[in-house]
Amino acid sequence: MKVIDYIENSKETIFSFEIIPPLKGKGIEDICEGIDPLMDFNPPFINVTYHREEYEYKKMGNGLLKKVSVKKRPGTVGICAALMNRYKVDAIPHIICGGFTKEETESALIDLKFLGVDNILALRGDPMKNEAAFVPTKGGSQYAVDLIDQIKDMNNGQYLYEETKNSPSNFCIGAAGYPEKHFEAMNLNSDMKNLKKKVDAGAEFIVTQLFYDNKKYFDFVKKCREIGINVPIIPGLKPLTTLRHLSFIPKFFHVNFPEELSNELEKCKTNEEVQKVGVEWSIKQARELIKKEAPVLHFYTMGKGEAVRKIAAQVF
Ligand code: FAD
């Protein structure tokens, strides 16, 4: 079922979450251990992130270094199929531009259509570690909006080099939104104009970058409505659980902690203390978002379901 239909049919805020595929070589049990406790809160869909290849230098037998392409977390599509089979939920694969030609994207979309996947979160992907800026793959898409165009074309029966009106896909397309602006954008307004392009191209729902200040989300939703973005905007939440998060999250996700939260975090000396503050803060955020009728609360688990379970147990 489509995300927009789940939202339309639900009178209450829906619980959902996102998982990342395990490191190569690990089994499906690894992710299921994190997911099982969260199933008590009846998520109708689970997102699965996509991780592109990285380049590494590996020592060869002759002592020389060789540049190799390594995919550390493969398996997004397979994990989606496993989740749908095991939990009878919808799985939402993240599909990115980086690393894919349009032909490869089309093949991936055809696989997803055969698997019965109804929703896709269409993203550009970040620049690779060694790149200063995002470089599109030769023959691939430059922006998420180009990927959305391609999916929309398939929904209209228009495949890359042929029209196949008999078997159009019917994907519900989601896009990413940034209440604190995307880090490359000149300012929030220009970023929002680009978000509007994604919605005009066919994105039917938006999932936001994680944020810790609800006001940023409420202002973002208000601005979206003002410029004619009328699709559901799903807030993304990530509980802080380790001391490392205190510098990693602002740096990696380009978000700020509000003063009240940072004051509490400054007192923390251990991961346990951070987790206590982080969980309490997310509960507070979640309660306010539910009160103001957010359609879905989308939790970034990043492989750690325990903190999300504590929050969900208090608010759902
Ligand atoms: P875009 O919408 O293409 O925007 C990228 C930048 O280009 C923005 O600054 C935007 O303002 C600008 N821009 C957009 N369109 C145009 C245009 N037509 N002309 C000029 N400028 C334009 N990354 C992964 O690798 N895997 C994942 O699974 C993943 N999941 C994510 C889930 C969510 C909910 C979010 C919020 C992010 C996720 N990301 C993921 C990260 C995402 O790929 C990065 O944030 C990436 O840098 C931007 O992706 P985007 O789809 O927002 O890009």
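Overview of results
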{"item": "Highest to lowest packing among 220-232, 50-62, 303-315, 196-208, scored as the average C-beta count within 10 Å", "result": "196-208, 303-315, 220-232, 50-62"}
{"item": "Compactness index (Cα Rg / 2.2 N^0.38 Å), the chain", "result": "1.00"}
{"item": "q = 0.09, 0.12, 0.21 Å⁻¹: log10 I(q)/I(0) that the Debye formula gives for region 191-316, counting C-alpha atoms only", "result": "-0.27, -0.47, -1.24"}
{"item": "Gain upon complete extension [residue 71, residue 244; 0.36 nm per residue less C-alpha separation]", "result": "59.8 nm"}
{"item": "Using alpha carbons only: equivalent-ellipsoid semi-axes of region 142-223, gyration tensor based, whole Å", "result": "30, 13, 9"}
{"item": "Relative contact order (%) - criterion: Cα under 8 Å, at least six apart; region: region 81-197", "result": "25 percent"}
{"item": "From phi via Karplus (6.51, -1.76, 1.60), per-residue ³J(HN,Hα) for region 61-69 in Hz, x at Gly/Pro", "result": "x, 7, x, 7, 9, 10, 7, 10, 9"}
{"item": "Interchain or long-range residues, amide H under 5 Å from residue 54's placed H", "result": "70, 71, 72"}
{"item": "The chain - percent of accessible surface contributed by carbon and sulfur, probe 1.4 Å", "result": "51 percent"}
{"item": "Tensor-based shape of region 1-72 (alpha-carbon gyration tensor, a/c under 1.5 rounded, otherwise prolate or oblate)", "result": "prolate"}
{"item": "Options 201, 177, 6, ranked by Cα towards positive dipole end of the chain, top entry (Cβ charges)", "result": "177"}
{"item": "Structure-based [θ]222 nm, the chain - -39500 (n - 2.57) summed over DSSP H runs of at least 4, per residue, nearest 500", "result": "-12500 deg cm²/dmol"}
{"item": "For region 63-142 and region 162-229, distance of Cα centres in Å", "result": "19 Å"}
{"item": "Hz values of 3J(HN,Hα) by residue in region 172-184 - Karplus curve (6.51, -1.76, 1.60), Gly and Pro given as x", "result": "8, 9, x, 9, 8, x, 10, x, 10, 6, 6, 4, 8"}
{"item": "Environment charge of residue 255, counting only residues whose C-beta is closer than 11 Å and scoring Lys/Arg +1, Asp/Glu -1", "result": "+2"}
{"item": "Expected-Rg normalisation [2.2 N^0.38 Å, Cα atoms] applied to region 115-159", "result": "1.37"}
{"item": "When each of 66/251; 72/269; 251/304; 196/216; 181/310; 59/251 is checked by Cα-Cα distance, pairs over 24 Å", "result": "66/251; 72/269; 181/310; 59/251"}
{"item": "Cα-centre dipole for the chain with unit charges at Cβ (Lys and Arg positive, Asp and Glu negative), debye to 20", "result": "640 debye"}
{"item": "For region 213-311: relative contact order, % (alpha-carbon pairs under 8 angstrom, 6 or more apart)", "result": "40 percent"}
{"item": "Charge tally in the Cβ shell below 11 Å around residue 200, where Lys, Arg are +1 and Asp, Glu are -1, residue 200 excluded", "result": "+4"}
{"item": "Per residue accessible area in Å² of the chain, where ligands, DNA and RNA are left out and the probe is 1.4 Å", "result": "50 Å²"}
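The values are calculated or read from the model by the stated rules, or taken from the named source; none is laboratory data. Computed from a predicted model, the values in this text were never measured in an experiment. A quick note on method: Cβ atoms are made from the backbone with ideal geometry, for glycine too, and the neighbour counts reach across all protein chains shown. Side chains included, ligands, DNA and RNA excluded: accessible areas come from the protein's heavy atoms. Shrake-Rupley method; radii C 1.70, N 1.55, O 1.52, S 1.80 Å.
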